[in-house]
Amino acid sequence: DTGNGEQLYECPVCSLTCTNIQILEEHVDLHLEEQNFSEGTDLELAQRLQTEEDKWQRSEEEKREREEFKKLQRQYGLDNSGDYKQQFLKNMEREVDKGRMQPFDYHKRKADMMECLAFGIDDGKTKTSGVIEALCKYYQDENKDVRHVWLSTGVDHFHSSLGDRGWGCGYRNFQMLLSSLLQNSLYNDCLRDITLIPSVPKIQSMIEDAWREGFDPHGASHFNNRLHGSKAWIGACEIYSLLTSLRIKCQIIDFHKPTGPMGTHPRLFEWVLRYYSTDNEGGTKVVCTSKPPIYLQHQGHSHTVVGIEEKKNKTLCLLLFDPGCPAQEMQKLLKQNSDGTSLKLLRKFVGSLKEKQYQIVAVDGVLSLEEKAARCHASQVLMSEKIP
(Lines give C-alpha, C1' and ligand atoms only; values in the text may rest on other atoms or scores of the structure.)
Protein backbone atom coordinates (compact mmCIF):
# COMPACT_ATOMS: atom_id res chain seq x y z
CA ASP A 1 0.00 0.00 0.00
CA THR A 2 1.49 3.38 -1.06
CA GLY A 3 -0.44 5.27 1.59
CA ASN A 4 -2.77 6.93 -0.85
CA GLY A 5 -4.89 3.84 -1.33
CA GLU A 6 -2.95 2.46 -4.33
CA GLN A 7 -2.06 -1.26 -4.14
CA LEU A 8 1.50 -2.35 -5.21
CA TYR A 9 2.50 -5.88 -6.29
CA GLU A 10 6.11 -7.20 -5.94
CA CYS A 11 7.69 -9.71 -8.39
CA PRO A 12 8.79 -12.83 -6.46
CA VAL A 13 11.72 -13.29 -8.84
CA CYS A 14 13.35 -9.86 -9.16
CA SER A 15 11.43 -7.77 -6.55
CA LEU A 16 10.09 -5.37 -9.20
CA THR A 17 6.92 -3.60 -7.99
CA CYS A 18 3.86 -3.18 -10.18
CA THR A 19 0.60 -1.32 -9.63
CA ASN A 20 -1.43 -3.75 -11.67
CA ILE A 21 -1.80 -7.43 -10.92
CA GLN A 22 -2.14 -8.29 -14.65
CA ILE A 23 1.11 -6.51 -15.42
CA LEU A 24 2.78 -8.48 -12.64
CA GLU A 25 1.45 -11.77 -14.02
CA GLU A 26 2.76 -10.95 -17.50
CA HIS A 27 6.10 -9.99 -15.97
CA VAL A 28 6.39 -13.24 -14.02
CA ASP A 29 5.44 -15.22 -17.17
CA LEU A 30 8.40 -13.61 -18.93
CA HIS A 31 10.68 -14.88 -16.14
CA LEU A 32 9.29 -18.38 -16.51
CA GLU A 33 9.68 -18.37 -20.29
CA GLU A 34 13.26 -17.20 -19.93
CA GLN A 35 14.00 -19.94 -17.38
CA ASN A 36 12.43 -22.63 -19.57
CA PHE A 37 14.46 -21.46 -22.56
CA SER A 38 17.68 -21.53 -20.51
CA GLU A 39 16.94 -25.01 -19.18
CA GLY A 40 16.12 -26.26 -22.66
CA THR A 41 19.39 -24.85 -23.99
CA ASP A 42 21.38 -26.55 -21.19
CA LEU A 43 19.65 -29.88 -21.84
CA GLU A 44 20.34 -29.63 -25.55
CA LEU A 45 23.99 -28.84 -24.87
CA ALA A 46 24.30 -31.77 -22.46
CA GLN A 47 22.72 -34.12 -24.99
CA ARG A 48 25.07 -32.91 -27.73
CA LEU A 49 28.11 -33.32 -25.49
CA GLN A 50 27.00 -36.84 -24.52
CA THR A 51 26.50 -37.76 -28.18
CA GLU A 52 29.99 -36.50 -29.02
CA GLU A 53 31.45 -38.43 -26.05
CA ASP A 54 29.71 -41.64 -27.17
CA LYS A 55 30.94 -41.15 -30.72
CA TRP A 56 34.54 -40.62 -29.51
CA GLN A 57 34.41 -43.73 -27.31
CA ARG A 58 33.11 -45.84 -30.23
CA SER A 59 35.88 -44.46 -32.43
CA GLU A 60 38.55 -45.31 -29.83
CA GLU A 61 37.11 -48.81 -29.36
CA GLU A 62 37.10 -49.41 -33.11
CA LYS A 63 40.70 -48.16 -33.27
CA ARG A 64 41.75 -50.58 -30.50
CA GLU A 65 39.95 -53.44 -32.23
CA ARG A 66 41.73 -52.65 -35.52
CA GLU A 67 45.11 -52.58 -33.76
CA GLU A 68 44.39 -55.87 -31.99
CA PHE A 69 43.27 -57.42 -35.27
CA LYS A 70 46.45 -56.24 -37.02
CA LYS A 71 48.50 -57.68 -34.16
CA LEU A 72 46.73 -61.03 -34.52
CA GLN A 73 47.24 -60.90 -38.28
CA ARG A 74 50.98 -60.39 -37.77
CA GLN A 75 51.13 -63.17 -35.19
CA TYR A 76 49.29 -65.60 -37.45
CA GLY A 77 51.17 -64.39 -40.54
CA LEU A 78 48.04 -63.18 -42.31
CA ASP A 79 49.07 -59.56 -42.84
CA ASN A 80 50.31 -60.14 -46.42
CA SER A 81 53.79 -59.00 -45.40
CA GLY A 82 55.55 -61.73 -47.40
CA ASP A 83 57.14 -65.03 -46.51
CA TYR A 84 60.50 -66.66 -45.78
CA LYS A 85 61.89 -66.16 -49.28
CA GLN A 86 60.81 -62.54 -49.59
CA GLN A 87 62.17 -61.65 -46.16
CA PHE A 88 65.45 -63.44 -46.92
CA LEU A 89 65.95 -61.50 -50.15
CA LYS A 90 64.92 -58.18 -48.62
CA ASN A 91 67.34 -58.59 -45.69
CA MET A 92 70.19 -59.56 -48.03
CA GLU A 93 69.51 -56.46 -50.15
CA ARG A 94 69.80 -54.36 -46.99
CA GLU A 95 73.12 -56.03 -46.20
CA VAL A 96 74.40 -55.12 -49.68
CA ASP A 97 73.15 -51.53 -49.34
CA LYS A 98 75.00 -51.17 -46.03
CA GLY A 99 78.19 -52.61 -47.49
CA ARG A 100 78.15 -55.69 -45.27
CA MET A 101 77.65 -58.09 -48.20
CA GLN A 102 79.20 -58.08 -51.63
CA PRO A 103 76.94 -58.45 -54.72
CA PHE A 104 78.73 -61.70 -55.60
CA ASP A 105 77.87 -63.16 -52.16
CA TYR A 106 74.30 -61.96 -52.54
CA HIS A 107 73.80 -63.84 -55.80
CA LYS A 108 75.51 -66.97 -54.48
CA ARG A 109 73.42 -67.06 -51.30
CA LYS A 110 70.28 -66.37 -53.31
CA ALA A 111 71.05 -69.33 -55.59
CA ASP A 112 71.77 -71.57 -52.57
CA MET A 113 68.58 -70.48 -50.87
CA MET A 114 66.45 -71.11 -53.95
CA GLU A 115 67.96 -74.59 -54.35
CA CYS A 116 67.27 -75.50 -50.72
CA LEU A 117 63.71 -74.24 -50.95
CA ALA A 118 63.18 -76.27 -54.11
CA PHE A 119 64.29 -79.45 -52.31
CA GLY A 120 62.57 -78.48 -49.04
CA ILE A 121 65.71 -78.85 -46.93
CA ASP A 122 67.46 -76.52 -44.51
CA ASP A 123 70.76 -75.07 -45.76
CA GLY A 124 72.49 -75.87 -42.45
CA LYS A 125 74.09 -72.42 -42.28
CA THR A 126 72.58 -71.71 -38.85
CA LYS A 127 73.33 -75.15 -37.39
CA THR A 128 75.74 -75.94 -34.55
CA SER A 129 76.43 -79.63 -33.82
CA GLY A 130 78.25 -81.33 -30.98
CA VAL A 131 77.10 -79.13 -28.07
CA ILE A 132 75.57 -81.99 -26.04
CA GLU A 133 78.78 -83.99 -26.36
CA ALA A 134 80.80 -80.97 -25.24
CA LEU A 135 78.49 -80.48 -22.27
CA CYS A 136 78.88 -84.12 -21.27
CA LYS A 137 82.67 -83.74 -21.23
CA TYR A 138 82.49 -80.46 -19.30
CA TYR A 139 80.26 -81.86 -16.54
CA GLN A 140 82.45 -84.91 -16.09
CA ASP A 141 85.35 -82.60 -15.28
CA GLU A 142 83.32 -80.03 -13.31
CA ASN A 143 83.62 -80.48 -9.56
CA LYS A 144 82.26 -77.26 -8.04
CA ASP A 145 78.53 -77.14 -7.39
CA VAL A 146 76.74 -79.59 -9.74
CA ARG A 147 75.54 -82.74 -7.97
CA HIS A 148 73.79 -84.38 -10.96
CA VAL A 149 73.06 -83.44 -14.55
CA TRP A 150 70.80 -85.18 -17.04
CA LEU A 151 71.26 -84.50 -20.77
CA SER A 152 69.17 -85.24 -23.85
CA THR A 153 70.41 -87.37 -26.68
CA GLY A 154 72.41 -85.42 -29.27
CA VAL A 155 70.70 -82.22 -30.46
CA ASP A 156 71.77 -79.80 -33.18
CA HIS A 157 71.15 -76.13 -32.45
CA PHE A 158 69.45 -74.06 -35.17
CA HIS A 159 69.07 -70.30 -34.98
CA SER A 160 66.85 -67.98 -36.98
CA SER A 161 68.17 -66.80 -40.34
CA LEU A 162 67.62 -63.73 -42.52
CA GLY A 163 64.44 -65.39 -43.79
CA ASP A 164 62.68 -66.09 -40.49
CA ARG A 165 64.17 -63.65 -38.00
CA GLY A 166 61.45 -62.36 -35.67
CA TRP A 167 58.92 -65.16 -36.20
CA GLY A 168 60.68 -68.48 -36.84
CA CYS A 169 61.47 -69.71 -33.31
CA GLY A 170 58.80 -72.44 -33.33
CA TYR A 171 60.09 -73.88 -36.61
CA ARG A 172 63.71 -73.74 -35.42
CA ASN A 173 62.85 -75.56 -32.20
CA PHE A 174 61.09 -78.24 -34.24
CA GLN A 175 64.29 -78.62 -36.27
CA MET A 176 66.24 -79.09 -33.03
CA LEU A 177 63.80 -81.73 -31.79
CA LEU A 178 63.80 -83.48 -35.16
CA SER A 179 67.63 -83.51 -35.27
CA SER A 180 67.58 -85.58 -32.09
CA LEU A 181 64.81 -87.93 -33.21
CA LEU A 182 66.66 -88.66 -36.47
CA GLN A 183 69.58 -89.98 -34.37
CA ASN A 184 67.32 -92.35 -32.42
CA SER A 185 66.59 -95.70 -34.10
CA LEU A 186 63.26 -95.93 -32.24
CA TYR A 187 61.84 -93.35 -34.65
CA ASN A 188 63.33 -94.71 -37.89
CA ASP A 189 60.01 -96.01 -39.17
CA CYS A 190 58.11 -92.79 -38.37
CA LEU A 191 60.75 -90.64 -40.06
CA ARG A 192 61.67 -92.88 -43.00
CA ASP A 193 60.56 -90.16 -45.45
CA ILE A 194 62.71 -87.53 -43.71
CA THR A 195 66.44 -87.92 -44.20
CA LEU A 196 67.51 -84.27 -43.94
CA ILE A 197 66.25 -81.42 -41.74
CA PRO A 198 63.39 -79.67 -43.59
CA SER A 199 63.45 -75.93 -44.28
CA VAL A 200 61.09 -73.53 -42.54
CA PRO A 201 58.70 -73.34 -45.56
CA LYS A 202 58.74 -77.15 -45.80
CA ILE A 203 57.77 -77.41 -42.10
CA GLN A 204 54.89 -75.04 -42.84
CA SER A 205 53.70 -77.41 -45.57
CA MET A 206 54.08 -80.40 -43.23
CA ILE A 207 51.82 -78.74 -40.64
CA GLU A 208 49.27 -78.01 -43.37
CA ASP A 209 49.40 -81.72 -44.30
CA ALA A 210 48.62 -82.58 -40.66
CA TRP A 211 45.64 -80.22 -40.73
CA ARG A 212 44.39 -81.83 -43.94
CA GLU A 213 44.52 -85.20 -42.17
CA GLY A 214 42.10 -83.74 -39.63
CA PHE A 215 44.39 -82.72 -36.78
CA ASP A 216 43.43 -79.66 -34.73
CA PRO A 217 40.78 -78.09 -37.00
CA HIS A 218 40.15 -75.42 -34.37
CA GLY A 219 43.80 -74.33 -34.41
CA ALA A 220 43.99 -74.53 -38.20
CA SER A 221 41.06 -72.14 -38.49
CA HIS A 222 43.11 -69.45 -36.71
CA PHE A 223 45.52 -69.53 -39.64
CA ASN A 224 42.80 -69.84 -42.29
CA ASN A 225 44.28 -73.34 -42.84
CA ARG A 226 47.35 -71.77 -44.44
CA LEU A 227 50.95 -71.39 -43.25
CA HIS A 228 53.04 -71.76 -46.40
CA GLY A 229 53.75 -68.41 -48.01
CA SER A 230 53.30 -66.54 -44.72
CA LYS A 231 55.35 -65.43 -41.72
CA ALA A 232 53.05 -67.08 -39.23
CA TRP A 233 54.20 -67.84 -35.70
CA ILE A 234 53.50 -71.37 -34.52
CA GLY A 235 53.24 -72.80 -31.03
CA ALA A 236 52.86 -75.97 -29.01
CA CYS A 237 49.60 -77.08 -30.66
CA GLU A 238 51.10 -76.97 -34.16
CA ILE A 239 54.18 -78.90 -32.98
CA TYR A 240 51.93 -81.51 -31.35
CA SER A 241 49.80 -81.89 -34.49
CA LEU A 242 52.86 -82.28 -36.71
CA LEU A 243 54.56 -84.84 -34.47
CA THR A 244 51.35 -86.84 -34.04
CA SER A 245 50.75 -86.87 -37.80
CA LEU A 246 54.22 -88.48 -38.09
CA ARG A 247 53.12 -91.15 -35.57
CA ILE A 248 55.41 -89.73 -32.88
CA LYS A 249 53.82 -90.09 -29.45
CA CYS A 250 53.89 -86.83 -27.52
CA GLN A 251 51.90 -84.86 -24.99
CA ILE A 252 51.23 -81.20 -24.20
CA ILE A 253 51.57 -80.17 -20.55
CA ASP A 254 50.17 -76.80 -19.49
CA PHE A 255 51.65 -74.78 -16.67
CA HIS A 256 48.89 -72.21 -16.80
CA LYS A 257 49.80 -70.26 -13.66
CA PRO A 258 52.83 -69.73 -11.38
CA THR A 259 53.31 -72.29 -8.62
CA GLY A 260 55.97 -70.49 -6.63
CA PRO A 261 56.76 -67.08 -5.11
CA MET A 262 57.42 -64.02 -7.31
CA GLY A 263 55.59 -65.55 -10.29
CA THR A 264 57.92 -68.55 -10.64
CA HIS A 265 57.16 -72.07 -11.90
CA PRO A 266 58.98 -74.62 -9.70
CA ARG A 267 56.56 -77.39 -10.77
CA LEU A 268 57.74 -76.97 -14.36
CA PHE A 269 61.32 -77.61 -13.21
CA GLU A 270 60.19 -80.62 -11.15
CA TRP A 271 58.33 -82.03 -14.15
CA VAL A 272 61.43 -81.73 -16.36
CA LEU A 273 63.53 -83.41 -13.66
CA ARG A 274 61.12 -86.37 -13.54
CA TYR A 275 61.11 -86.58 -17.36
CA TYR A 276 64.88 -86.95 -17.52
CA SER A 277 65.58 -88.83 -14.28
CA THR A 278 62.89 -91.54 -14.55
CA ASP A 279 64.70 -94.77 -15.50
CA ASN A 280 67.96 -92.79 -15.30
CA GLU A 281 68.50 -92.65 -11.55
CA GLY A 282 71.95 -94.20 -11.43
CA GLY A 283 74.61 -92.94 -9.07
CA THR A 284 76.70 -91.31 -11.78
CA LYS A 285 77.00 -87.56 -11.79
CA VAL A 286 76.52 -87.10 -15.56
CA VAL A 287 73.65 -89.04 -17.14
CA CYS A 288 73.48 -88.94 -20.94
CA THR A 289 69.93 -90.16 -21.38
CA SER A 290 68.09 -91.54 -24.40
CA LYS A 291 65.40 -88.87 -23.92
CA PRO A 292 64.65 -86.46 -26.76
CA PRO A 293 64.73 -82.74 -25.94
CA ILE A 294 61.56 -80.90 -24.87
CA TYR A 295 59.75 -78.12 -26.71
CA LEU A 296 59.04 -75.23 -24.28
CA GLN A 297 56.59 -72.47 -25.27
CA HIS A 298 55.58 -69.19 -23.68
CA GLN A 299 53.88 -66.08 -25.05
CA GLY A 300 55.93 -64.74 -27.96
CA HIS A 301 58.86 -67.20 -27.88
CA SER A 302 59.89 -70.83 -27.50
CA HIS A 303 63.01 -72.80 -26.50
CA THR A 304 64.31 -76.35 -26.54
CA VAL A 305 65.11 -77.97 -23.18
CA VAL A 306 68.20 -80.16 -23.59
CA GLY A 307 68.89 -81.06 -19.96
CA ILE A 308 68.64 -80.17 -16.29
CA GLU A 309 71.18 -79.63 -13.50
CA GLU A 310 70.68 -80.45 -9.85
CA LYS A 311 73.00 -78.38 -7.67
CA LYS A 312 74.54 -79.62 -4.44
CA ASN A 313 72.10 -77.35 -2.57
CA LYS A 314 69.20 -79.15 -4.39
CA THR A 315 68.28 -76.17 -6.60
CA LEU A 316 67.43 -76.98 -10.23
CA CYS A 317 68.63 -75.32 -13.41
CA LEU A 318 67.26 -75.95 -16.91
CA LEU A 319 69.58 -76.10 -19.91
CA LEU A 320 67.90 -74.42 -22.89
CA PHE A 321 68.76 -73.97 -26.56
CA ASP A 322 67.46 -70.60 -27.72
CA PRO A 323 66.86 -70.21 -31.49
CA GLY A 324 67.62 -66.52 -31.06
CA CYS A 325 71.22 -67.28 -30.07
CA PRO A 326 73.54 -67.03 -33.12
CA ALA A 327 75.88 -69.84 -34.16
CA GLN A 328 79.04 -67.94 -33.26
CA GLU A 329 77.86 -67.78 -29.64
CA MET A 330 76.83 -71.43 -29.54
CA GLN A 331 80.19 -72.50 -30.94
CA LYS A 332 81.83 -71.11 -27.81
CA LEU A 333 80.27 -74.05 -25.98
CA LEU A 334 82.32 -76.43 -28.14
CA LYS A 335 85.47 -74.97 -26.59
CA GLN A 336 84.17 -74.91 -23.05
CA ASN A 337 86.63 -73.40 -20.60
CA SER A 338 87.07 -74.74 -17.10
CA ASP A 339 84.99 -72.06 -15.37
CA GLY A 340 81.92 -72.73 -17.53
CA THR A 341 81.20 -69.07 -18.28
CA SER A 342 79.76 -69.95 -21.71
CA LEU A 343 77.05 -71.98 -19.99
CA LYS A 344 75.29 -68.70 -19.16
CA LEU A 345 73.87 -69.03 -22.68
CA LEU A 346 71.97 -72.15 -21.61
CA ARG A 347 71.30 -71.94 -17.87
CA LYS A 348 67.89 -70.89 -16.61
CA PHE A 349 67.17 -71.03 -12.88
CA VAL A 350 63.69 -70.98 -11.34
CA GLY A 351 63.87 -67.21 -10.91
CA SER A 352 64.62 -66.75 -14.62
CA LEU A 353 61.31 -68.13 -15.95
CA LYS A 354 58.55 -65.74 -14.89
CA GLU A 355 56.12 -65.72 -17.79
CA LYS A 356 52.49 -66.16 -16.74
CA GLN A 357 52.08 -69.43 -18.62
CA TYR A 358 54.23 -72.15 -20.18
CA GLN A 359 53.49 -75.15 -22.36
CA ILE A 360 55.65 -78.20 -22.88
CA VAL A 361 55.57 -80.69 -25.76
CA ALA A 362 57.34 -83.88 -24.71
CA VAL A 363 58.03 -86.90 -26.94
CA ASP A 364 57.60 -90.37 -25.50
CA GLY A 365 57.63 -93.13 -28.09
CA VAL A 366 55.80 -94.18 -31.23
CA LEU A 367 52.10 -94.39 -32.05
CA SER A 368 50.41 -97.25 -33.87
CA LEU A 369 48.19 -96.34 -36.81
CA GLU A 370 45.15 -96.95 -34.60
CA GLU A 371 46.49 -94.67 -31.85
CA LYS A 372 47.24 -91.97 -34.40
CA ALA A 373 43.69 -92.16 -35.77
CA ALA A 374 42.29 -91.97 -32.23
CA ARG A 375 44.27 -88.84 -31.46
CA CYS A 376 43.17 -87.24 -34.71
CA HIS A 377 39.54 -88.00 -33.84
CA ALA A 378 40.04 -86.62 -30.32
CA SER A 379 41.24 -83.28 -31.69
CA GLN A 380 38.10 -83.08 -33.87
CA VAL A 381 35.83 -83.89 -30.91
CA LEU A 382 37.56 -81.16 -28.91
CA MET A 383 36.78 -78.77 -31.77
CA SER A 384 33.06 -79.62 -31.67
CA GLU A 385 32.99 -79.12 -27.90
CA LYS A 386 34.54 -75.65 -28.17
CA ILE A 387 32.19 -74.34 -30.87
CA PRO A 388 28.44 -74.30 -30.03
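The values are calculated or read from the model by the stated rules, or taken from the named source; none is laboratory data. Predicted model only: the values in this text are computed from it and were never measured. Using ideal geometry, Cβ is built from the backbone for each residue, glycine included, and neighbour counts are taken over all protein chains shown. Surface accessibility is based on the protein's heavy atoms, side chains included, excluding ligands, DNA and RNA. Shrake-Rupley method; radii C 1.70, N 1.55, O 1.52, S 1.80 Å.
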The condition of being over 30 Å from Ser129 (Cβ atoms) and open to solvent by 10 Å² or more (accessible area, probe 1.4 Å) holds, among Ser205, Ser221, only for Ser221
Cβ contacts < 9 Å: first residue without any contact (Cβ under 8 Å) to a residue 60 or more places away in the chain, restricted to the range 103-117; second residue open to solvent by 80 Å² or more (accessible area, probe 1.4 Å) and outside any helix (DSSP H, G or I), any location; separation 6+ or different chain. Result?
Arg109/Lys125; Asp112/Lys125
Please report, ordered by residue number, the strands (runs of 3 or more DSSP E) entirely within the range 293-332 with at least 1 residues that are under 16 Å from the mean Cα position of the chain (by Cα) and either buried (at least 23 other Cβ atoms within 10 Å of the Cβ) or small (Gly, Ala, Ser) (or both).
294-298, 301-311
Met262: aliphatic (A, V, I, L, M) and open to solvent by 50 Å² or more (accessible area, probe 1.4 Å), yes or no?
yes
Is there a residue in the range 192-202 that is more than 16 Å from Gly120 (Cα to Cα) and over 20 Å from the mean Cα position of the chain (by Cα)?
no
Please count how many residues of the range 237-270 are part of a strand (DSSP E or B) and touching a Gly at 6+ places or on another chain (Cβ under 7 Å).
1
